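Everything below concerns the one structure shown next.
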Amino acid sequence: MLKDYSDKLDEINVKMLAITQDILEANEHILSGLQECNKELLDNAKNKLKNMSARTTDIDNSIVKILALYSPEAKDLRFAVSFFKMSNELLRASSNTRTFISGLSNYCTELDETTVKDFAVPMQKSTIECLSNVVKMIKSTSNDEIQEFFNQIVISENKTDEYYELLQDSIYKKAPNIDDFGKFTKILRALRKSEKIADRALDVGTLIHFAKIGGKLGPLE
């Protein structure tokens, strides 16, 4: 592989890692903000998501240049195409995170302590586990480690689904009358973004797995 080409791939990997780490840190701030219903912490989370569209577009442009200049084949082409798709999934994860922050800012005071402690916080912790393992996958050069980190993402993403279903049941049971239905639906819509972020993390993990290990592009059995 040409050194200049290899360096460009490394640069893309570094930029992708930085974006993923910022999304992870934003969600860690969200967890603290959720536990304390602290809008200042939620604002700190939002600060981690600045210029995401420009940053992912920069990655896309770099990949397009690589495809045009070097015409990569086999594993290198797999890497470039996978990371091209990843930038879009990370942008969606960032958008979900930003929407989650806005929803919590509007509705965290409406959540009772039990709902937060038993459902919302564990769900967000599982989402953070998903993102943390994506970061580890990007950093790793070991196929065995990458596979293990991916398996952990699958487990954590399943947990977010389970917690959201329990959260949904809990909140609906607390709606005392039909007049509150709209408010509780908005709260659920906000909290669902945590589950959606985990979905995006799984999609990114799948793409990293394909880029670095190969196999079939899509959910793995």
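The values are calculated or read from the model by the stated rules, or taken from the named source; none is laboratory data. Because the structure is predicted, anything quoted here is derived from the model rather than measured. Don't worry about glycine lacking a Cβ; one is built from the backbone with ideal geometry, like all the others, and counts go over all protein chains shown. Note: areas computed on protein heavy atoms with side chains; ligands, DNA, RNA excluded. Shrake-Rupley method; radii C 1.70, N 1.55, O 1.52, S 1.80 Å.
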All positions within segment 35-80 that are more than 19 Å from Thr97 (Cβ to Cβ), open to solvent by less than 70 Å² (accessible area, probe 1.4 Å) and part of a loop (DSSP other than H, G, I, E, B): Pro72
Do we have any residue at all in segment 123-136 that's in contact (Cβ under 8 Å) with a residue 24 or more places away in the chain, in contact with a Gly (Cβ under 8 Å, 6 or more places away or on another chain) and of a type outside the set (A, V, I, L, M, F, W, C)? yes
Kindly establish whether Asp22 is charged (D, E, K, R), assigned to a helix (DSSP H, G or I) and surrounded by fewer than 17 Cβ atoms within 10 Å (Cβ to Cβ). no
Within segment 1-48, track down each residue that is under 18 Å from Lys193 (Cα atoms) and of a type in the set (A, V, I, L, M, F, W, C). Ile23, Leu24, Ala26, Ile30, Leu31, Leu34, Cys37, Leu41, Leu42, Ala45
With the structure loaded, tell me whether Lys173 is over 21 Å from the mean Cα position of the chain (by Cα) and open to solvent by 80 Å² or more (accessible area, probe 1.4 Å) or whether it fails that test. yes
Looking at segment 116-146, which of the residues that are surrounded by 16 or more Cβ atoms within 10 Å (Cβ to Cβ) and among the small types (Gly, Ala, Ser) is nearest to Thr20 (Cα to Cα)? Ser132
